[in-house]
């Protein structure tokens with residue numbers, strides 16, 4: 001029985017996901033409940049922060065007079081200067097969107113799909129198929145799983161990545177009659193892939209949906225629950 | 001108050017937080033509740049990070065394959081065929097969410113905390129059970145809440161047996177001690193901030209800035225803390241207000257934790273980090289805590305600009321209650337939120353040193369404290 005090791009290298013999501021209608025409704029429901037629960041939110045007392053009757057207090061109160069709240073934590077501003085600021089922010093967001101759309105299409109960029117986790121996949125030369133990176137040869141008896149995983153990844157993808165092992169225990173395995181492949185998880189903290197062109201011809205940082213199209217159906221079925 | 005819509009201000013919220021799906025007709029609930037559907041919602045970053053990303057890694061780090069409770073492959077396959085698995089034996093987090101709509105809790109519990117999903121319902125029930133199971137002379141009062149008359153021991157024992165029989169099966173499923181189940185993964189239960197200042201014995205008024213500072217930091221209502229043990233040497237009587245406290249539940253707890261790690265803790269000078277040991281290991285294993293020194297409380301972004309408004313600030317004790325069943329799981333959870341910890345071995349060594357020092361100084365002579373230390377000098381001549 002041959003033992004093989006593959007590594008799931010994950011880049012964690014960097015931004016929050018866009019909310020679906022259900023998510024938004026749930027969060028609004030929770031906010032509304034919290035507003036009703038006593039003790040959770042203290043009504044803001046301007047007297048605690050300003051001298052009573054001072055000019056500063058009058059100005060501040062005028063600024064915050066009509067604010068529709070749905071959440072205790074995020075009131076929306078309503079003054080005209082805030083609107084101008086908002087217009088500026090909107091322009092920056094639209095510009096960033098354009099840049100991000102370009103980055104999303106570059107499969108090798110670590111800044112793609114910032115709201116989803118992305119995983120490292122390589123196209124091995126021998127099999128000419130996409131798979132997770134790992135040890136090409138069976139595991140020698142003297143070596144531990146997590147050490148073999150580290151070695152296999154360095155051989156295939158270079159030593160330029162700063163990685164953190166999520167424990168020393170595999171997250172899953174794929175077994176046939178002939179061989180068992182254990183899958184270890186690592187998180188990438190910084191760095192990039194320097195592909196060893198003798199072993200692999202291409203690499204990509206893919207989300208789960210993209211992996212389902214790149215991988216063989218059987219292979220993806222056996223690892224889809226680990227992602 | 002919510003009827004007025006500000007289109008410009010809400011474009012930002014709409015752009016960032018919603019998908020085209022959300023622009024559909026609002027639900028009848030939204031219309032009747034008075035919530036502005038375009039206003040942004042509170043999205044604690046750490047809470048979303050926990051449930052989307054961190055929880056997977058915590059499971060890998062804390063799963064014990066050697067545990068007798070870990071199911072074997074045959075057991076898992078056997079359960080697949082049956083469909084619904086019961087609460088005690090469920091091994092997947094998905095079963096918690098595959099509940100028919102009629103069974104979902106839709107209103108806050110009488111206990112006071114709003115509950116909106118089965119995970120927090122379990123936690124709330126467990127909390128309620130333990131809140132009622134106090135010991136000592138208060139136990140009997142809780143037995144008859146209608147007219148507060150005391151009942152005989154036999155009557156109490158019978159009620160107790162009935163109550164424990166009903167709750168035992170539910171709460172076995174929510175064991176505090178670790179078992180390798182997906183729904184036993186650690187999460188933040190609550191954060192409690194405490195101020196205890198014995199100088200308030202003489203002057204109650206100094207508690208006002210204490211309460212205000214806690215409210216400024218957290219945004220929640222602070223309550224005074226009363227003395228429960230008398231001390232005649234310090235002129236403390238039971239019931240005197242000597243401290244202040246505030247309890248934060250999720251989602252505010254996650255926001256406060258974010259504030260700590262991003263703004264306050266980086267500004268603490270010579271702070272070595274949290275101790276990875278639990279202070280109350282027997283009672284509740286998942287509690288980790290630390291103290292914010294007096295000089296650093298002013299570093300909070302809510303207090304610093306108005307520093308002069310506070311005549312005095314106090315040391316704040318922060319207790320982070322988690323649903324973790326072991327110290328290591330609690331440490332893993334909090335370090336996932338970027339809380340810095342000390343080395344476990346160093347802390348244990350420090351405690352042992354302090355114990356050894358204490359034992360070395362201890363003597364059996366009851367009059368030791370009255371004897372002069374420089375005994376060799378002799379008396380008056």
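List of remarks:
- Region B:233-288, residues that are loosely packed, with under 14 Cβ neighbours inside 10 Å, in contact with a strand residue (DSSP E or B) (Cβ under 7 Å, 6 or more places away or on another chain) and modelled with pLDDT of 90 or more: none
- Residue-level check: of (1) in contact with a strand residue (DSSP E or B) (Cβ under 8 Å, 6 or more places away or on another chain); (2) touching a residue at least 24 places away in the same chain (Cβ under 8 Å); (3) buried (at least 17 other Cβ atoms within 10 Å of the Cβ), residue A:24 misses just (2).
- Filter result for residue A:149 (part of a helix (DSSP H, G or I), in contact (Cβ under 8 Å) with a residue 40 or more places away in the chain and crowded, with 17+ Cβ neighbours inside 10 Å): yes
- Residue A:99 passes every criterion in (1) over 24 Å from residue A:212 (Cβ atoms); (2) assigned by TED's automatic domain parsing to the domain that holds residue A:206 apart from (2).
- Within region A:1-16, being within 14 Å of another protein chain (Cβ to nearest Cβ) and either modelled with pLDDT of 95 or more or surrounded by 15 or more Cβ atoms within 10 Å (Cβ to Cβ) (or both) holds for A:7, A:8, A:9, A:10, A:11, A:12, A:13, A:16.
- Residue in region A:98-115 that is touching a strand residue (DSSP E or B) at 6+ places or on another chain (Cβ under 6 Å) and outside any loop (DSSP other than H, G, I, E, B) present: no
The values are calculated or read from the model by the stated rules, or taken from the named source; none is laboratory data. Note that the structure is a prediction, hence the values are computed from the model and not measured. With ideal geometry, Cβ positions are generated from the backbone for all residues, glycine too; neighbour counts draw on all protein chains shown.
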